[in-house]
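Structure first, commentary second.
The values are calculated or read from the model by the stated rules, or taken from the named source; none is laboratory data. Predicted, not measured: the structure shown is a model, and the values here were computed from it. Reconstructed Cβ throughout: ideal geometry from the backbone, glycine too, with neighbour counts over all protein chains shown. Quick note on the areas: whole protein, heavy atoms, side chains included, nothing else; ligands and nucleic acids left out. Shrake-Rupley method; radii C 1.70, N 1.55, O 1.52, S 1.80 Å.
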Amino acid sequence: MDPDTVTADISIFSFLYALLLLPFLVILKHIFLKPPPLPPGPYPWPIIGNLLQMGKNPHAKLANLAKLHGPLMSLRLGTQLMVVASSPAAAMEVLKTHDRALSGRYLSSSVPVKNPKLNHLSIVFAKDCNTNWKNLRAICRMELFSGKAMESQVELRERKVTELVEFLATKEGEVVKVMDLVFTTICNILSNKFFSMDLCDFEDEGRVGGALKDLIHKNAEFGATPNLSDYYPILGGLDIQGINRKAKEMFERIPTTWEDILKERRTQRSNRSSHRDFLEALLEIGFEDDQINQVILELFSAGAETSSLTVEWAMAELIRNQDAMDKLRGELRQIVGESPVRESHLPRLPYLQACVKEALRLHPPAPLLLPHLAAETCQVMGYTIPKDSQIFVNIWAMARDPKIWDDPLSFKPERFLDSKLDFKGNDFEYIPFGAGRRICPGLALGGRQVPLILATFVHLFGWSLPGNMDSAQLDMEEWLVITLRKEQPLRLVPRVRK
Ligand code: HEM
């Protein structure tokens with residue numbers, strides 16, 4: 001037989017053979033190579049999905065659901081898919097292993113993203129980790145949070161805390177709201193770093209500072225309110241709850257509290273003093289007003305509320321746990337003596353540091369971190385997380401998991417004393433500042449101003465609850481952080497300690 005004919009026969013035969021095999025291969029691929037399923041989760045009802053299962057304390061609701069559905073869980077809220085990580089292993093997958101794919105920022109429709117430039121002006125709301133976001137974080141690190149920058153602000157922080165002490169001394173025996181005082185102090189630490197001046201006053205309701213504080217509180221409130229427009233984009237234009245309109249107003253009004261300073265600085269640029277604050281640094285870089293306003297707005301919003309809440313929770317826990325309060329007082333007496341607390345004392349105050357860590361464990365100001373966004377589809381722990389999913393890490397659930405912590409619901413600073421556990425983003429069972437690319441850039445500042453203020457409160461003042469309350473009424477277990485601030489701010493009576 002002609003060899004050419006034989007070769008042609010074999011080719012035709014192979015072709016037909018492959019054709020016959022093709023359907024089998026497709027079926028096999030379907031069976032063995034189909035993408036893994038979505039993470040398990042509660043049954044989503046038509047149209048509403050799992051909206052009814054969320055409610056007022058989403059972190060607590062999600063913690064309960066995770067007990068049933070596992071550490072990586074998915075829910076459907078209207079049209080939006082939400083994925084929640086609730087164990088250290090799942091948190092590590094999201095924030096470290098798949099950091100690149102899962103470090104986008106999910107933007108609620110209450111964030112005025114209509115400003116097309118926001119993605120390139122923002123740190124918090126940058127949808128992806130773009131070059132501008134990297135540059136902004138680098139500028140903040142260099143000018144505000146590096147070791148050198150932090151050292152250059154020690155005198156400022158201590159001065160602002162001294163002013164707090166002087167104010168408290170005038171309020172002896174009167175009821176004060178702890179959160180407000182700390183909030184003012186922290187706003188002024190920030191405003192002095194930004195503009196070399198105070199923006200707030202301890203009793204400034206109605207003036208610029210009062211307006212700024214009010215706006216920042218409201219801003220946080222909108223951020224924490226579930227927005228129907230997020231779950232049904234079709235409703236976005238209607239803004240049924242009015243959140244989008246009010247949030248937009250906030251975004252526009254907050255920068256008006258410093259617009260005169262900015263104008264004046266621009267006009268006086270040629271004959272300025274040698275003093276260089278953050279605004280000066282931003283002007284030197286050549287930033288436009290909208291960029292300056294956005295960065296400063298975000299730093300005020302992200303920095304003031306979180307730190308004040310932490311001091312407030314720590315004080316509330318210490319009032320409820322007098323043994324811990326006494327131990328802390330003892331440590332302060334021994335190390336600090338009669339003098340005011342200084343930042344240089346902080347490294348020698350392990351029990352104080354443990355109290356702050358324990359308050360952050362039980363009451364993280366961002367119990368679900370800030371919402372992340374899946375920038376691309378990826379596979380995590382054998383499940384598929386589709387692109388554009390909203391991702392939460394439930395650090396509140398992890399902090400209350402008896403598999404991770406002994407007696408997790410009790411305030412026991414001692415658990416941190418002989419432990420290397422830190423909040424710098426490497427120990428995934430304890431990440432109150434987040435971890436990975438989006439880790440809080442203000443960690444160094446938060447980690448210093450919170451213990452400094454707390455130590456000063458405890459060292460120089462005795463505290464009691466107002467006459468009609470006792471510490472049993474400080475039942476904080478189910479309180480949402482926002483609820484504590486809005487409806488039941490911690491009110492205490494200071495007494496100067498002789
Ligand atoms: C006790 C104090 C604080 C706590 C517990 C805290 C916690 C957090 C958390 C959990 C996040 C979200 C991380 C994520 O998305 O995964 C965050 C982000 C952020 N924090 Fe803080 N924070 C504190 C203080 C501060 C301070 C003092 C500043 C600045 C003045 C600040 C500025 C920011 C900014 C700008 C972001 C957004 C980062 C980004 O999206 O890239 N925070 N913080």
For GLU331: the one exception among (1) away from the ligand (no atom under 16 Å from the Cβ); (2) closer than 21 Å to ARG141 by Cβ; (3) touching a Pro at 6+ places or on another chain (Cβ under 8 Å): (2)
Would you tally the residues in segment 408-432 being over 21 Å from the mean Cα position of the chain (by Cα) and of a type outside the set (A, V, I, L, M)? 11
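Test TYR43 against the criterion of being within 16 Å of the ligand (Cβ to nearest atom) and of a type in the set (Phe, Trp, Tyr), and give yes or no.
Details: within 16 Å of the ligand (Cβ to nearest atom): no; of a type in the set (Phe, Trp, Tyr): yes.
Spelling it out, it is not the case that TYR43 is within 16 Å of the ligand (Cβ to nearest atom) and of a type in the set (Phe, Trp, Tyr).
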Strands (runs of 3 or more DSSP E) (entirely within segment 295-406) containing at least 3 residues that are crowded, with 20+ Cβ neighbours inside 10 Å and at negative phi: 390-393
Filter segment 438-456 down to the residues that are more than 7 Å from the ligand (Cβ to nearest atom) and over 17 Å from GLU358 (Cα atoms) and list them by number. ALA444, THR456
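This table checks each residue for (1) within 14 Å of SER191 (Cα to Cα); (2) acidic (Asp, Glu).
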{"position": "VAL295", "(1), (2)": "yes, no"}
{"position": "LEU299", "(1), (2)": "yes, no"}
{"position": "GLY303", "(1), (2)": "yes, no"}
{"position": "THR306", "(1), (2)": "no, no"}
{"position": "THR310", "(1), (2)": "no, no"}
{"position": "ASP323", "(1), (2)": "no, yes"}
{"position": "LEU332", "(1), (2)": "no, no"}
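Might you check whether a residue that is under 25 Å from ASP198 (Cα atoms), free of Cβ contacts under 8 Å to residues at least 60 places away in the same chain and within 16 Å of the ligand (Cβ to nearest atom) occurs anywhere in segment 294-302? Break it down stepwise before answering.
First pass over segment 294-302, keeping only residues under 25 Å from ASP198 (Cα atoms): 294-302.
Those left that are additionally free of Cβ contacts under 8 Å to residues at least 60 places away in the same chain: 297.
Going one step further and asking which of them are within 16 Å of the ligand (Cβ to nearest atom), we end up with 297.
Yes, segment 294-302 contains at least one residue that is under 25 Å from ASP198 (Cα atoms), free of Cβ contacts under 8 Å to residues at least 60 places away in the same chain and within 16 Å of the ligand (Cβ to nearest atom).
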Name, by its number, the condition in (1) open to solvent by 20 Å² or more (accessible area, probe 1.4 Å); (2) farther than 18 Å from SER389 by Cα; (3) touching a helix residue (DSSP H, G or I) at 6+ places or on another chain (Cβ under 9 Å) that does not hold for LEU118. (1)
Scan of segment 158-195 for residues that are farther than 12 Å from ARG495 by Cα and among the hydroxyl-bearing types (Ser, Thr, Tyr), ordered by number: THR162, THR184, THR185, SER191
Given (1) touching a residue at least 60 places away in the same chain (Cβ under 8 Å); (2) assigned to a loop (DSSP other than H, G, I, E, B); (3) touching a Ser or Thr at 6+ places or on another chain (Cβ under 9 Å), number of the condition LEU199 does not satisfy: (1)
Considering only residues that are open to solvent by less than 10 Å² (accessible area, probe 1.4 Å) and of a type in the set (Gly, Ala, Ser), which ones fall in segment 447-462? ALA455, GLY462
